[in-house]
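Heads up, the thing below is written out as structure tokens.
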Amino acid sequence: MEKAAKIKILQDLVNINTVNGNEIAVATYLQKLLADHGIKADVDEFDDNRANLQAEIGNHGVDTKTLVLSGHQDTVSIDDESAWAHSPFEAYIDGDKLYGRGAADMKSGLAAEIIALIELHENSDVALNGTLRLIVTAGEEYGAQGAYRLNEQHAIDDADALVIGEATDGQIIYAHSGSFNYRIKSSGKAAHSSTPERGINAIQGLVNYINLEKNLFDDAPEDPYLGKVQHSITVIRGGEQVNTIPAQAEVQGNIRPTEAFNNAKVILRIQETIDQLNNLYDAKLELEIIHNFEAVETQQDNEFIQTVQRAAQKSFDDRQVELITMNGATDASVFVKNNIGLPTVIFGPDGDTVAHQLNEYTTISSYLNLIDAYQEIARNFLK
């Protein structure tokens, strides 16, 4: 495929507004693009204009392996569009930089995966001894609805390795924390503020929890790759009127579990704390799990990690490619629920530091290099 055509595909994807939805527009675009190059893709539409897409090339024999390339179609919101130097939904090129919402997170990684699949399919000199599968998801930025749906369909159960194309500036992330979002509801009893003894203050119930939360994981073991469990209270809501004792209140928090102190241990610790407080005080607390993403870790000396690092260094010869970790989470956090221990990397183009930000961009050079790297990974893993 010509360079200009590769850039045009990325521009087309950025130009489709998929802020927290509308993935069907991207999925149908990709389905047609793949069909034009002789690759059948299945689109699974669900909810309101949401859709996943799957396609594969190669062969699936008894002793062959399956490599999955995965990316998401949705983006985060843009806040104030007028603050952007150029329209966030009209991909703008300035030198080596391509600007637009999703340019880094993660339509460039997604486009690179698509083109790698096409070029490998059309290259008669390449015979993959195994299956190269493309999995394109909806809703990764808020809830990973697409990934959960794919798990229900067992789309990744047979995978031997996974590449997530999030922006990493050409570096290789071999481990990332989970992401656990939760809500604690506090129930009390309303009363007039002139007679507070007649009520039960739901806000005070939350204060009791918040005072313990800051030290809740002090004794959690450090993970050798991901370090300490990170945790924060991020949302507090309570009260309707200044002269009324509130009967309902809630707090929300985010925790980044590790393999050393995983999601199940996090849930148990919070629930034990709530039970303790419910026994001591009148306001009653209840835990609700919002998102429950697992930590993802692969040993640095794993053969797949080494294969990816060699391919990355070959394509990104303008930098030293390192093996690193991060506290963010990806669709891989969902996929490993069905495929425990799946060797996984997050490896993508430039733009990691500007993802989700004003005037988001990636570099065209890193995008083109990434296409080559994905093909190199596939050739070497499926040989």
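The values are calculated or read from the model by the stated rules, or taken from the named source; none is laboratory data. Quick caveat, the model's predicted, so the values are computed rather than measured. Because the Cβ atoms are built from the backbone with ideal geometry, glycine has one as well, and the counts that use them run over all protein chains shown. SASA here: full protein model, heavy atoms, side chains in, ligands and nucleic acids out. Shrake-Rupley method; radii C 1.70, N 1.55, O 1.52, S 1.80 Å.
A few notes on this one:
- Whole-angstrom gap from the stretch 50-81 to the stretch 88-127, using each part's C-alpha centre: 13
- Percent accessible area from carbon and sulfur atoms, the chain, protein chains only, probe 1.4 Å: 45
- Placing +1 on the Cβ of every Lys and Arg and -1 on the Cβ of every Asp and Glu, with no other charges, gives the chain a dipole of roughly 560 debye about its Cα centre.
- For Lys65, a cut-off of 21 angstrom between C-alpha atoms picks up these lysines, skipping any fewer than 8 places away in its own chain: Lys40, Lys337, Lys383.
- For the stretch 206-234 versus the stretch 144-205, the gap between their alpha-carbon centres in whole angstrom: 15
- Rounded to 0.05, the FRET efficiency of the Gln271 and Gln248 pair, given R0 = 30 Å and the Cβ-Cβ distance, is 0.90.
- Residues within the reach of a label modelled at Thr234 (point 7 angstrom out along Cα to beta-carbon, backbone nitrogen below 18 Å), restricted to the stretch 138-154, are 139-146.
- Heavy-atom accessible area per residue - the chain, 1.4 Å, Å²: 43
- Amide hydrogen neighbours beyond the local backbone of Asp169, cut-off 5 Å, H modeled: Gly348, Asp350, Gly351, Asp352
- Of the residues Gln230, Gln320, Gln73, the one that moves most in a GNM of the chain with alpha-carbon contacts below 10 Å is Gln320.
- Residues within the reach of a label modelled at Ile93 (point 7 angstrom out along Cα to beta-carbon, backbone nitrogen below 12 Å), restricted to the stretch 340-366, are 364-365.
- Pairs of Cα atoms nearer than 8 Å and 6+ residues apart set the relative contact order; for the stretch 161-227 it is 27 percent.
- Note on the stretch 1-86: Kirkwood hydrodynamic radius from all Cα pairs is 15.1 Å, rounded to one decimal.
- Relative contact order %, the stretch 250-299, counting alpha carbon pairs below 8 Å whose residues are six or more apart: 47
- Labels on offer are (1) 56, 48, 44; (2) 56, 50, 50; (3) 81, 47, 38, and the one holding Cα extents along the principal axes in Å computed from this structure is (3).
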